[in-house]
Structures are given as C-alpha cells and as structure tokens.
Amino acid sequence: DIVKWIWGGFAVDSATLTRFFAFHFLIPFVLVGAVMVHLLFLHQSGSNNPLGLLRNIDKVPFHPYFTLKDLLGFVLLLFSVISLSLLNP
C-alpha cells in the first residue's frame with residue numbers, strides 16, 4: 001500500500017516525520033542540481049533562435065554583467081534582511 005510505504009506504518013509516527021524531514025532537507029539540493037544542469041546545457045547549446053538570424057551585435061555576455069548585477073542584488077537583499085533582523089528582533 002502506498003500510504004503505508006510513505007508513512008512508514010499505519011499511522012503518522014516518528015518514521016513519517018523522519019522521512020518527511022529527509023525529503024524536506026534533500027529536495028532543495030536536488031532542485032539546485034537540476035538548475036545547474038539546466039544552465040550548463042543552456043550555456044553549451046545556447047538559447048533558441050526561431051528566426052535563424054545571426055545577431056551577435058545585440059548580445060550582452062552573461063558572465064560579467066548579469067553575474068555582477070545578480071550578486072549586487074543578492075548582497076543588497078542579504079544586507080536588508082540582516083539589518084532588519086538586527087534592528088527589529
């Protein structure tokens with residue numbers, strides 16, 4: 001029975017909590033791995049070009065510009081969360 005396999009018994013017990021905690025802990029790492037594989041394949045093959053036009057003039061390189069922009073946004077967000085937690089605990 002699927003319920004008995006997921007719960008680890010006939011009722012919600014410590015086995016159920018252990019399984020759901022393990023699942024809750026592991027799923028973000030699986031998602032980060034899937035995102036990294038997706039970005040790797042996207043970086044290797046490039047994004048889709050349905051019109052077939054070769055427009056390298058309009059392209060902006062991802063790494064120096066968008067990486068720094070995202071890093072700056074993350075640092076500002078982290079700074080605001082830390083300052084909120086320190087000023088208004």
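Every read-out reported here was derived from the displayed coordinates using simple, explicitly stated rules and does not represent laboratory data. Remember, predicted model here, so these are calculated numbers, not experimental data. Virtual Cβ from ideal backbone geometry, glycine too; neighbours counted across all protein chains shown.
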message: Once you place label points 7 Å from the Cα toward the Cβ at Leu54 and Phe29, how far apart are they in nm?
response: 4.5
- prompt: In degrees from 0 to 90, rounded to the nearest 10, what is the angle of the helix 14-45 Cα long axis to the longest principal axis of the chain?
  reply: 10
message: For the chain, take the longest principal axis of its alpha carbons; what is the angle in degrees between that and the long axis of helix 67-87, to the nearest 10 within 0 to 90?
response: 50
message: Expected output is a single nm value to one decimal: the length gained when fully extending between Phe21 and Phe79, i.e. 0.36 nm times separation in residues minus the C-alpha distance. What is it?
response: 17.9 nm
field: Radius of gyration, Dmax [region 2-87; alpha carbons; angstrom]
entry: 21.8, 63
